[in-house]
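What follows is a single structure, written as structure tokens, with notes after it.
Values in this text are rule-based calculations from the coordinates and carry no lab data. Small disclaimer: the values here were computed from a predicted structure and weren't measured. Here the Cβ is made from the backbone with ideal geometry for all residues, glycine too, and neighbour counts use every protein chain on show.
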4 protein chains.
Amino acid sequence: MPSSEQFASDNYSGICPQAWAAMAEANRMDEPAYGEDIWTARAADGLRELFDTNCDVYFLFNGTAANSLALASIGQSFHSVICHELAHIETDECGGPEYASNGAKLLLGNGPDGKLTPESIEHLVTKRSDIHYPKPKALSLTQATEVGTVYTPEELRAIRAVADRYRLNVHMDGARFANAVASLDVHPSEITWKAGVDVLCFSGTKNGLALGEAVVFFNRDLAEDFEWRCKQAGQLASKMRYISAPWCGLLKDNVWLENARHANACAARLAEGLEGLPGVTLRYPRQVNGVFVDLPEPVQSSLRDAGWRFYNFIGGCSRLMCSWSTTEEQVDRFLADVRATL
Amino acid sequence: MPSSEQFASDNYSGICPQAWAAMAEANRMDEPAYGEDIWTARAADGLRELFDTNCDVYFLFNGTAANSLALASIGQSFHSVICHELAHIETDECGGPEYASNGAKLLLGNGPDGKLTPESIEHLVTKRSDIHYPKPKALSLTQATEVGTVYTPEELRAIRAVADRYRLNVHMDGARFANAVASLDVHPSEITWKAGVDVLCFSGTKNGLALGEAVVFFNRDLAEDFEWRCKQAGQLASKMRYISAPWCGLLKDNVWLENARHANACAARLAEGLEGLPGVTLRYPRQVNGVFVDLPEPVQSSLRDAGWRFYNFIGGCSRLMCSWSTTEEQVDRFLADVRATL
Amino acid sequence: MPSSEQFASDNYSGICPQAWAAMAEANRMDEPAYGEDIWTARAADGLRELFDTNCDVYFLFNGTAANSLALASIGQSFHSVICHELAHIETDECGGPEYASNGAKLLLGNGPDGKLTPESIEHLVTKRSDIHYPKPKALSLTQATEVGTVYTPEELRAIRAVADRYRLNVHMDGARFANAVASLDVHPSEITWKAGVDVLCFSGTKNGLALGEAVVFFNRDLAEDFEWRCKQAGQLASKMRYISAPWCGLLKDNVWLENARHANACAARLAEGLEGLPGVTLRYPRQVNGVFVDLPEPVQSSLRDAGWRFYNFIGGCSRLMCSWSTTEEQVDRFLADVRATL
Amino acid sequence: MPSSEQFASDNYSGICPQAWAAMAEANRMDEPAYGEDIWTARAADGLRELFDTNCDVYFLFNGTAANSLALASIGQSFHSVICHELAHIETDECGGPEYASNGAKLLLGNGPDGKLTPESIEHLVTKRSDIHYPKPKALSLTQATEVGTVYTPEELRAIRAVADRYRLNVHMDGARFANAVASLDVHPSEITWKAGVDVLCFSGTKNGLALGEAVVFFNRDLAEDFEWRCKQAGQLASKMRYISAPWCGLLKDNVWLENARHANACAARLAEGLEGLPGVTLRYPRQVNGVFVDLPEPVQSSLRDAGWRFYNFIGGCSRLMCSWSTTEEQVDRFLADVRATL
């Protein structure tokens, strides 16, 4: 696989230059361990500034852990987490949330375009209230969703109203949070704490880092003793500056947002190029950095033969992911190959 | 703190040049995620070659996770883990092993110089065998120990004989395994599988990486489905090459060993300079990269006032840690400051 | 509620005379604790004799624990358990299996009449095999099922063939195992170890005890250290004879089977009386001690007004449960009341 | 072993007549399951009346579960529980508290006569406050202690003052709570909520039941959703009346207290008879229903040869336990046998 011949995952891409530079700078001298370095403080402050509120911030290694531990801070083992049936925490974390919570159950809701509806949430909360079934306590939303769509601020507030009614805390899986902000063109606060999100897992990995997720507690009560939870769960980096310094690189001059805008734009170009081709249908509206498209099987084969790498995904459609490092040329080359095979 | 004015921790040091170079090389192009990249295969092969055996290798984020998950692969929640009362898994993992195993108990043994004796192990195994107390199943040894000493191959084999008698599996916490190999001047196999170690957690972090521990199963039965365990526990890096490529940098030309030798040599120079000074006593024999020393309180204060950073540790003695990045000049400056205050 | 005016649950009934007599006899003198009494040995031997094989037997307090701990003995936290979507372990144990296993996931299959089909099992095992999803390890069957049907020996053997192909261990939730044996009129071994069941949870509670479930391991490897697991999980009764002596009462002269036959016969009488009445439809074939029936809403109301207690259940039909203590008179009175309201 | 020839355990004794009678009465008719019966409400009300406060009450199967789940309701997996080094939860629950909490650590304090001192508690709380070690959250006291002594109300209040200072919640393991009340001759409230106890596990088993522990939350905030916790952990009895009705038998006419007084009096008679005999020394002051005594080895052998059953326990002394069913004649026979062997 030539490096750039892939739309397989935004996890395939490397470290963006600004994050790399920050890491290099952090590597020039020794620093205290376990987050007592200057970079970690700076990155946490940067996130507080970004969200324009006094939130609690923790840096963890990866998304599985960030989501699982954030959810564990909301509920106990006998509680349940409501999420969409396509939610990553259900389909691709190998039971991470169940493990971190010592047994909480995920209750699967639904809704079009990978988005939970208030009605679906209400249905799940109210269908059982006896002690023979886990009690709903958390609500998990993925922003942007697993199928590349976004919740609008209005949708989030409507969901929050249901959450309030049933005393649910709202967790946001922000594996592609940056892409959602870029797509909606809103201030980050508009789709988080101002819309009633209690805790956000903000991914740096998919945005241009080697690794590193920020768990941002807007509801600071939930963060009580969270540093102990992280330590025990193997999520306290000794040389934490190698997570936090790259985050500083992302935060400075809104690199995180530029990276997301670039990825979204590449996906838009890709979607536009694909739409209208014979036999090619977009499965979901393209709103962020992924295009979910039904491609005729021979087209898929030809593309793969030509060296293109991508996954078939939910319900068998092809998922084409762009990242900060995707190029217009790469998109155009792919489109040309598609057209050539048709 | 000027970067180099510290003997606080080998976790304060940065990324060594060879690891950095490998990371840079890995960053040149996109790569598949979740360990399917070329670097991860190369690093795992490198470790198999290093240990001269067909072991199973996994790369995890940090030592807490590596030790906790390795121990969880040995026993169940109702089993116990025998370790020295000074063992890091007991004193500094915030209950990580208990969490990963869903409740296993650590049974604390003892022995001089931070090393478990066969007698102490046998005592712990035999004092209870009823079902009202967790059943011993794992034996955890730290090599080098938390107080900077090493188990010889003979000592390890004697311990293995006890382990065999009571059907215990042997885990080695190798946070400073490289330093132990350097100190003992043995082939790595001599103090691992040839001495009956079932699973080793080989730290890269303290040896010059940003992060990344290799869990090496010599007893491959214990590794059954271990990749699922890692994933669920939030220890599967999506961009794994940023852990494994630096490991390649360490393994090539025995950088790992040179780094350890250098750190050990710095500690030796430090110990030699301190020994014999009035009121200064080494608490433990200096065998690897740490010096544990009783310093008069006024000396400690003066050093700290001069900007030196180090921790007081077990029983109140000062722990002076060297790393791959410690310099002879730094050691000599420290010694001069000590002598000046006496 | 007059005692007998209920078809709500076989859990509403009391202790049968033979179990009571055994308990009274066990109460005549002091006995060693924690299962070292004569009754526990006798009951375990009785079960080995009943099943005609050298199985391992443990007595636990209730079904939630029996099922959860038996399943935990099969798999790890990152494994999954395949069961029917109507399975009690999914719908009514409040996440007990997830808790006891520290996070295992239940994968929900289906099939008519509450019974898993081999095809459904195979589908669940094969749809995912990557490490991002829990690995199937256990297969749980309820015999008799939650909707009052039974697996035939042939059906069980066909399922075992799939289990063999995919290395699954088979757990049987025998909350109403006695009723299944009575219904099928087979030797208990025919629908357990001879059909490839690895571990059975055989309920005494629903068969006439105050409490007490026997966990019977036909696959004795799975029972390794199970007594420690029970103790840790709060399932080791100190005065165990009050569980095991009543079991002796059930086993002597096949009281367990007579109790089940009686309950099944009452349900048969009930079903026969209901079938053919206008607007009344049996939802599932009546095979054991429960009748699942669609009753017109006004009929339900009238019955409840008349003091009858029963639950509406899966999909809204009425579940009418009989037990060892149900009487023919009670059944006939109920039927008369139904007919009167029509 | 003739039934009465034992001082091995108060767990060896049977069901007292009043509990038996209540159970028989409860067995006369069907009753709703899962605690919705009249007996459970009555028993819970009885305990509220007994303690003269509006506490939350739950009935569990055994002491391991009661203690483990009560402690789990206080803290998270990364917290710690402070208890005496002789505490049953440390020495005889097979890691039950660690399991129920998913990994909490027990921190072992000390103090004479099996009782924690305020100083010991303070030492444990203050010796570590970093995130590398579990954070103390719960304090567990056994009343009466494992060596048969009692905390006075004054001692309890002094401990509560420390608990307040460090925000610890206080759990009381009341395996022999009745014996403590009888010994101290105080109102039950004096050594529970008035002394700052947050949650009490009040044992019925050792007081004359077949099984059944009441978990009594004086701090009702801790009881939030506790019924779900019980259900998930396999501690919700379907036929709960067989636990709660016997509790009604104990509560009526203060049978629980009479049973405890009787057991205490038997132990007093035993202690008085032993004291002063040559070579015989009481290890701990006799305050409740157990006598801890150093008996010469030949005396022990003779007694065992004569059919007496008792355990050697902490530090090798003989533990002689009396119960509601111990008789004066039995005590006198034992004493005669001791004197005869001297």
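Give me a single rounded figure for A:31-41: the average over its residues of other chain Cβ atoms within 10 Å of their Cβ.
The shielding value for this peptide is 3.
If you rank D:MET240, D:MET29 by fewest surrounding Cβ atoms within 10 Å, what's the result?
The most exposed by this proxy come first: D:MET29, D:MET240.
Using the crude model of +1 on Lys and Arg Cβ and -1 on Asp and Glu Cβ, and no other charge, please compute the dipole size for chain B relative to its Cα centre, in debye to 20. Before the final figure, lay out each step's value.
Numbers: 31 positive and 44 negative charges, 85 e Å.
Its charge dipole is roughly 420 debye.
Given points 7 Å out from each Cα along the Cα-Cβ axis, report the D:ASN254 to D:GLU224 separation in nanometres with one decimal.
The answer from the label model is 3.8 nm.
Taking a label point 7 Å from Cα toward Cβ, how far is D:SER129 from its twins in the other copies, in nm, shortest first?
List, nearest first: 4.4, 4.6, 5.5 nm.
Name the chain C residue nearest the rotation axis between C and B, going by Cβ position, and give the distance in whole Å.
C:ASN102, 2
Along the charge dipole of chain A, which of A:GLY307, A:THR40, A:ASN67 sits closest to the positive end, that is, farthest toward it, with unit charges on the beta carbon of Lys, Arg, Asp and Glu (+1, +1, -1, -1)?
A:ASN67
Using a label position 7 Å from Cα in the Cα→Cβ direction, what is the ascending list of nm distances from C:GLU275 to the same site in the other copies?
6.0, 7.8, 9.4
Between B:GLU297 and C:LEU282, what FRET efficiency comes out of the Förster formula 1/(1 + (r/R0)^6) with R0 = 60 Å and r the beta carbon distance, rounded to 0.05? Don't jump to the answer; show the numbers that get you there.
Working: r = 86 Å, r/R0 = 1.44.
Approximately 0.10, to the nearest 0.05.
How do the peptides A:257-265, B:81-89 rank, highest first, by the average count of neighbouring beta carbon atoms within 10 Å per residue?
With the highest mean Cβ count within 10 Å placed first, the list reads B:81-89, A:257-265.
Along the Cα-to-Cβ line of D:ASP130, 7 Å from the Cα, sits a label point; which residues in the stretch B:182-211 have backbone N less than 11 Å from it?
Counting only backbone N, you get no residues.
For the stretch A:291-310 and the stretch B:271-322, what is the separation of their C-alpha centers, rounded to whole Å?
Rounded to whole Å, the Cα centres lie 64 Å apart.
Using a cut-off of 13 Å between beta-carbons, work out the net charge of the residues near A:THR327 (Lys and Arg +1, Asp and Glu -1, A:THR327 not included).
Here the charged neighbours net out to -3.
Can you give the charge dipole size of the protein assembly as shown about its Cα centre, rounded to the nearest 20 debye, using +1 on the beta carbon of Lys and Arg and -1 on the beta carbon of Asp and Glu?
So the magnitude is around 0 debye.
Inside 10 Å of the C-beta atoms of D:55-64, what's the mean count of C-beta atoms belonging to other chains?
3
Loop-only trypsin sites (Lys or Arg not before Pro) in the stretch C:1-49, please: DSSP not H, G, I, E or B, and at most 14 other Cβ atoms within 10 Å.
C:ARG28
Of the GluC sites (Glu not before Pro) in the stretch D:4-55, which ones lie in a loop per DSSP and count no more than 13 other C-beta atoms within 10 Å?
For GluC sites (Glu not before Pro) across the stretch D:4-55 that sit outside H, G, I, E and B with at most 13 neighbouring Cβ atoms in 10 Å, the list reads D:GLU36.
Kindly rank B:330-341, C:200-211, D:102-113, B:184-195 from highest to lowest mean number of other beta carbons found within 10 Å of each residue.
C:200-211, D:102-113, B:184-195, B:330-341
Rounded to the nearest 0.05, what FRET efficiency is calculated for B:ALA161 and B:ARG48 with R0 set to 30 Å and r the Cβ-Cβ distance?
After rounding to 0.05, the efficiency reads 0.65.
Could the peptides B:299-312, A:280-293 be put in order, highest first, of the mean number of other beta-carbon atoms found within 10 Å of their residues? Each step should come with its number before you reach the end.
Numbers: B:299-312: 15.6, A:280-293: 22.1.
Most protected by this proxy first, the peptides run A:280-293, B:299-312.
Shielding of B:7-13 by partners, i.e. mean partner chain Cβ atoms within 10 Å per residue?
Counting other chains' Cβ atoms within 10 Å and averaging over B:7-13 gives 5.
In the neighborhood of D:SER13, defined by Cβ-to-Cβ distances under 14 Å, what is the net charge if each Lys or Arg adds +1 and each Asp or Glu adds -1?
Neighbour charge sum, excluding D:SER13 itself: +1.
Can you give the charge dipole size of the stretch C:96-242 about its Cα centre, rounded to the nearest 20 debye, using +1 on the beta carbon of Lys and Arg and -1 on the beta carbon of Asp and Glu?
Charge dipole, the stretch C:96-242, about its Cα centre: 320 debye, nearest 20.
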